[in-house]
Amino acid sequence: MSSTESMAGTEGVTISRTGQQGAFGGELLTVNFGPHHPSTHGVLRLIVDLDGEQIKRLKPVIGYLHTGIEKQMEALRWQQGVVVTDRHDYLSPPINNLAYALAVERLMGVEAPPRAQALRVIMSELTRLSSHLVWLGTSGLELGAMSMLMYCFRERETILDMNEEISGFRMHTSYIRPGGVMADATPRFLDMLASFVKEMPGHVDEYEDLLTMNPIWRARTIGIGRLSPEDAKVLGASGPMIRGSGIAWDLRKTMPYSGYESYDFEVATSDACDCYGRYLVRIKEMREAVKILDQALQRLPDGPVNVDDRKMLPPPREELETSMEAVIHHFKLFTEGYSVPAGDVYVAVESGRGENGCYIVSDGTHKPRRVKFRSASFVNLQALERMALNHMIADMIAIIGTADTVLGDVDR
Amino acid sequence: MIADNLITERGVSAGDEWITVPADNVHEALAALKGEGYRLLVFLTCVDHLVDQSRPSWPGRYELVYQLRDVEKLRELRVRAFVDGDPPEIESATDLFPPADWDERETYDLFGVRFKGHPELTRILMPDDWVGHPLRRDYPVGGEVVEFSEEHQRWQTPPDRA
């Protein structure tokens with residue numbers, strides 16, 4: 001028995017079963033990467049065939065974080081579902097809420113009032129910032145820039161404080177709901193936001209000082225994980241993945257929602273098509289997000305933050321004491337909930353990772369028939385093999401990092 | 001637009017355009033639409049219409065939904081196809097749209113729809129040894145015992161030691 005056969009049954013590392021010869025005179029080696037590995041941003045398992053240290057084949061194995069969110073949605077009433085949408089892409093809860101809320105509103109034929117739309121934009125952009133900050137911090141950490149995590153989480157903390165101020169919850173805010181938002185912004189929130197908008201550009205400069213011209217960072221990202229514009233289109237990539245390949249596709253510009261068409265901002269793109277390009281895109285997006293926040297704050301309209309429809313949203317507390325009708329509405333909403341007209345609708349919004357879509361089917365009852373989340377990470381992860389082919393296994397860390405997949409979003 | 005004999009029904013739902021095509025011709029219709037400019041498959045999924053009373057009758061229990069997008073002209077089209085049978089079968093679209101690969105695996109995994117011509121139709125989200133297809137409407141929520149729960153403990157304890 002040769003030594004290759006005796007190793008073949010060992011868990012973790014096996015000589016490839018195909019017995020294929022590599023260019024360096026040995027057989028291909030099959031390595032099990034993950035599922036528990038600090039650089040996989042969750043539990044992602046990759047089966048990698050290596051020739052020496054070069055990746056020759058790569059197969060992602062997913063499903064370790066599958067929580068049956070789509071099944072749970074079918075068992076919950078329309079307004080209860082919001083809480084579950086928070087939890088699939090756990091780095092951008094308000095954007096997930098927004099996709100779901102817009103979908104339900106489209107089916108019901110209602111539109112949120114202007115103040116609610118502006119608050120939705122504010123929360124979306126804050127979320128995009130916090131999601132990019134987590135990405136920048138962890139990717140920096142993986143590629144040797146240890147201090148990035150401290151800097152990025154410092155600013156993320158401010159954003160989480162703001163989440164807490166406006167919704168009472170730091171991460172899973174459930175702030176954006178069908179019909180409007182949970183509550184109006186408090187004066188303290190607006191003060192915090194104003195000072196954040198003033199400080200944040202300086203912080204982004206700080207990150208750039210640390211990374212953009214950093215020789216180690218550049219050596220590890222430039223020319224690594226190339227995804228050509230053609231491949232990006234064919235593989236359906238979205239978000240910074242496709243913009244990092246030089247295609248200016250941003251749903252906020254191309255298919256605007258929530259009044260994004262009235263804000264002045266640029267779509268960040270980079271022609272580098274590699275990990276460094278995707279890094280530049282995200283940095284630019286952070287600056288643009290601050291610009292949008294500033295505009296939204298300047299012209300935040302006055303008025304209600306919820307649609308005036310007692311059949312959809314509960315009456316204000318004080319009305320319950322004087323109006324019998326309010327009590328009836330309250331009771332109906334909290335026992336049976338509202339019904340959505342039969343039909344189906346697909347709404348896509350731009351999250352920090354790309355196209356975050358929500359497809360809902362209603363059969364006219366008070367619970368959805370089917371809710372499907374089209375998550376950007378799920379589709380972007382399919383491009384991983386194309387990007388990682390013929391790179392060193394150590395470069396895969398940079399490639400997974402800049403793909404910025406959230407495994408909760410992949411597995412739902 | 002594609003040949004009229006391929007479209008059995010068309011309509012608009014909440015602003016979204018859709019057409020229904022016969023399940024046997026779904027590949028042909030998708031190929032024609034791809035030629036029309038709908039180059040991107042946004043997502044592919046399935047809806048189970050078991051005991052769905054929003055319409056008097058459904059052409060089939062499983063509805064396959066293909067959301068297509070034309071990124072140049074910025075238009076979208078939803079293609080539906082109804083299938084029945086056990087297991088329900090339909091032709092794969094992976095050769096037309098590469099992102100359909102994982103979507104079809106997911107639909108197979110959660111609904112049990114078989115895609116003919118898919119290169120590797122295996123489970124993707126559920127464990128490989130899972131029995132059943134959880135997103136079917138007759139698969140109950142909570143049908144699986146939660147690990148480390150009291151009920152699970154009872155299941156694992158022999159009767160004489162309970």
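The values are calculated or read from the model by the stated rules, or taken from the named source; none is laboratory data. Just so it is clear, the structure is predicted and the values come from calculations on it, not from any experiment. Cβ placement follows ideal geometry from the backbone for every residue including glycine, while neighbour counts extend to all protein chains displayed. Each accessible area value is taken on the protein alone, full model and side chains, heavy atoms only, with ligands, DNA and RNA left out. Shrake-Rupley method; radii C 1.70, N 1.55, O 1.52, S 1.80 Å.
Applying the set (1) more than 24 Å from B:GLU28 (Cα to Cα); (2) more than 14 Å from every other protein chain (Cβ to nearest Cβ); (3) open to solvent by 40 Å² or more (accessible area, probe 1.4 Å) to B:ASP138 leaves exactly one unmet item: (2). Scanning segment B:5-61 for residues that are open to solvent by 20 Å² or more (accessible area, probe 1.4 Å), in a loop (DSSP other than H, G, I, E, B), on the phi < 0 side of the Ramachandran plot and without any contact (Cβ under 8 Å) to a residue 12 or more places away in the chain yields B:GLN53, B:SER54, B:ARG55, B:PRO56, B:SER57.
A search for C-beta distances below 8 Å between a residue of segment B:124-152 that is in contact (Cβ under 8 Å) with a residue 12 or more places away in the chain and any residue that is assigned to a loop (DSSP other than H, G, I, E, B) and among the β-branched types (Val, Ile, Thr), counting only pairs 6+ apart in sequence or on different chains, returns B:ILE124/A:ILE62; B:LEU125/A:ILE62; B:ARG137/B:VAL51. With respect to (1) touching a Phe, Trp or Tyr at 6+ places or on another chain (Cβ under 9 Å); (2) open to solvent by 40 Å² or more (accessible area, probe 1.4 Å); (3) at pLDDT 90 or above, the lone exception for A:GLN298 is condition (1). Scanning segment B:62-72 for residues that are more than 11 Å from chain A (Cβ to nearest Cβ) and surrounded by fewer than 21 Cβ atoms within 10 Å (Cβ to Cβ) yields a total of 1. Scanning segment A:348-387 for residues that are more than 9 Å from every other protein chain (Cβ to nearest Cβ) and of a type in the set (Val, Ile, Thr) yields a total of 3. Once segment A:311-343 is narrowed to residues that are of a type in the set (D, E, K, R) and within 26 Å of B:SER54 (Cβ to Cβ), the residue that is modelled with the lowest pLDDT is A:LYS311. Quick check, is A:VAL104 touching a strand residue (DSSP E or B) at 6+ places or on another chain (Cβ under 9 Å) and within 14 Å of chain B (Cβ to nearest Cβ)? Yes, satisfied.
Please count how many residues of segment B:106-121 are open to solvent by 20 Å² or more (accessible area, probe 1.4 Å) and at the interface with chain A (Cβ under 10 Å from one of its Cβ atoms). Number of matching residues: 1.
For segment A:388-412, filtered to residues that are under 15 Å from A:SER238 (Cβ atoms) and within 13 Å of another protein chain (Cβ to nearest Cβ), the residue that is surrounded by the most Cβ atoms within 10 Å (Cβ to Cβ) is A:VAL410.
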